[in-house]
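Structure first, commentary second.
Please treat every number below as a calculation from the coordinates, not as lab data. Only a predicted model underlies this, so the values are computations on that prediction, with no experimental measurement involved. Don't worry about glycine lacking a Cβ; one is built from the backbone with ideal geometry, like all the others, and counts go over all protein chains shown.
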Amino acid sequence: MSDSETTESDGPRVTASGKREIIVPMRLYKTITVFSTLLAVVGVLGGFILLDVATDRTQAAASDVSIGLALLGVVLIAGGAATYAFSTRFQSEGMGNAKDDADKGSDNG
């Protein structure tokens, strides 16, 4: 463990690469993973559907595009992506990132 990592078992920790990770119990980790992935997929798919409806399957003229639906679609896509990105900060006890393990040698060549 490097100097830039905290040694607390619960709560946030900062890795050597500067990424903030939150350690949670395994049951909570599984719940977060399932629901955040579900919300992200629904958000992204719903956003693309709204964009499709707003542009009438890309057949609408520029003046006929529903700006409100198009913006809502883009917001849903960005929200889904953000949900997934922030959910990756959670880890369970004992989980680690292989690239943060400096003491292991490379066996690929």
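Some values worked out for this structure:
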| item | result |
| --- | --- |
| Environment charge at Thr58 (Cβ cut-off 15 Å; Lys +1, Arg +1, Asp -1, Glu -1) | -2 |
| Other-chain or far-sequence residues with amide H under 5 Å of Val24's (modelled H) | Gln91, Ser92, Glu93 |
| The range 16-71 - charge dipole about Cα centre, Lys and Arg +1 at Cβ, Asp and Glu -1, debye rounded to 20 | 480 |
